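A short worksheet on the structure shown next.
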Ligand code: UDX
């Protein structure tokens, strides 16, 4: 198939590259010429394990192209994907400016019948609105079908999720267009679920809201565990063995972040409120998540009395490991609170420092290594479970900090492990491990 993808952000680029990998001829279009130049030689603008290699392979095989020229990119395609961003507006709703512009570009440049596939996350009704916009403005005799095909990729494992995802959702009014898209995806061997357009749009919001609620639920249980002396990790394990609950997405911590859950839950709330419905559970999930992000600072304040002048190693700035994305990261509110408490922050992240500098408060200092961040620190906050950090943190905390005092926002270590090393350790929904100062316990560091 001759395919083009409008928008080379996370979703667009990964989709385009993976479609070329299964043999389609794919042109990725973006307005940023500098970005296009880099991608044309296999340099990905996003950090995603395996993506650069896959780009290079398919560029060399001659089936992956990049252009800023919309006519060249759109004129003769069988399928055009719209994968532009839908940022959050101030009132929480999704900003459809870029989608509308993409639709207008399509109208201007197409020369033959085409299937337009919307991958961007859009409020229910948007696919139909875009179809009408295109048809109302078309002056040529061309047939245009619209398909809603939401994405479920996770950053950091986006390529794996494309090839081995749980499902591909195809929302369409036209069975033959849906079958063509199903055929496009056939080599992925991922189950296809076909439905109507509104339901497909809704599946994306409902899935993300459900996952966000699952995380907030386990975080609420963690609060209760904290107070009653239970261990949330064991509670989650015990719950997860019930097949109806399942073991995934039950990791308690400092809450969810990223470019999807925070934005999509807010957009769902707005969408519901616009039809005079109060989405109680989604709103509660958002509220619990916001509270969750203040937890570590509260625990540290309780332990030290105050954080004035304390040298704090802030470890992990991205919203999760294996990405350089800092959007919606818990590190943002946490660093703001720490600065309010007059702590001195030395931050380290294996991949996110570049982006963090543009988002986090300017008073933060950045370390070039984990060692530098930990050196002479009074306490460490672990915010992201990067292997590079967790693999050596306990040993390095013992060697480099004034005293090994760790506040772990991701429950990365077993209580026995830290107890053996005599580290002061506070985590989420588990009893604290107190450092014994007067006499040695095990391999005291
Ligand atoms: C998410 C969805 O998983 C994906 O299907 C959708 O298309 C886009 O949004 P992503 O944001 O990349 O993907 O990351 P994900 O791995 O889902 O994690 C989101 C956030 O939830 C992270 O901040 C993570 O740390 C947090 N999380 C996840 C928890 O706090 N606990 C968990 O048990 C799982």
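Since every read-out is calculated from the coordinates, none of them should be taken as a lab result. As the structure is a prediction and not an experimental result, all values here were calculated from the model. When we count neighbours, we look across all protein chains shown, and the Cβ atoms used for this are built from the backbone with ideal geometry, even at glycine.
Summary of values
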| item | result |
| --- | --- |
| Helix-derived mean residue ellipticity, 222 nm - over the chain, DSSP H n ≥ 4, -39500 (n - 2.57), to 500 | -13000 deg cm²/dmol |
| Length released on extending from residue 403 to residue 34, taking residue separation times 0.36 nm less the Cα-Cα span | 128.1 nm |
| At 1.306 mPa s and 10 °C, Stokes diffusion of the range 77-122 via Kirkwood alpha-carbon radius, µm² per second | 139 µm²/s |
| Chain lengthening between residue 234 and residue 139 when straightened (0.36 nm per residue, less Cα-Cα) | 27.9 nm |
| Folded to 0 to 90 degrees: helix 197-228 orientation relative to the chain principal axis, Cα | 0 degrees |
| Sites residue 164 and residue 417, calculated FRET efficiency, Cβ-Cβ separation with R0 35 Å, nearest 0.05 | 0.65 |
| Computed over the range 87-145: relative contact order in percent, which uses C-alpha pairs under 8 Å that are six or more apart | 41 percent |
| Distant alpha-carbon pairs in the range 1-154 (separation over 19 angstrom), percent | 51 percent |
| Order of 401, 202 under a 10 Å beta carbon neighbour criterion, fewest first | 202, 401 |
| The range 295-426 - percent relative contact order, Cα under 8 Å, separation 6 or more | 26 percent |
| Distant alpha-carbon pairs in the range 144-264 (separation over 17 angstrom), percent | 66 percent |
| Degrees between helix 331-340 axis and first principal axis of the chain (Cα, 0 to 90, nearest 10) | 40 degrees |
| Value of relative contact order over the chain, rounded to a whole percent, pairs C-alpha under 8 Å and six or more apart | 11 percent |
| Footprinting exposure proxy for 256, 81, 164 (fewest neighbouring C-beta atoms within 10 Å first) | 164, 256, 81 |
| Tail beyond 22 Å, pair distance distribution of the range 295-426 (Cα, percent) | 27 percent |
| Ordering of 384-390, 172-178, 330-336 by packing [mean C-beta count within 10 Å, highest first] | 330-336, 384-390, 172-178 |
| C-alpha long axis of helix 175-185 to longest principal axis of the chain, angle in ° | 50 degrees |
| Ranked 93, 362, 369, criterion: other C-beta atoms within 10 Å, fewest first | 362, 369, 93 |
| Computed over the range 203-292, Kirkwood Rh from alpha-carbon pairs, angstrom | 13.7 Å |
| Rule-of-thumb Rg ratio for the chain [Cα; 2.2 N^0.38 Å; N residues] | 1.08 |
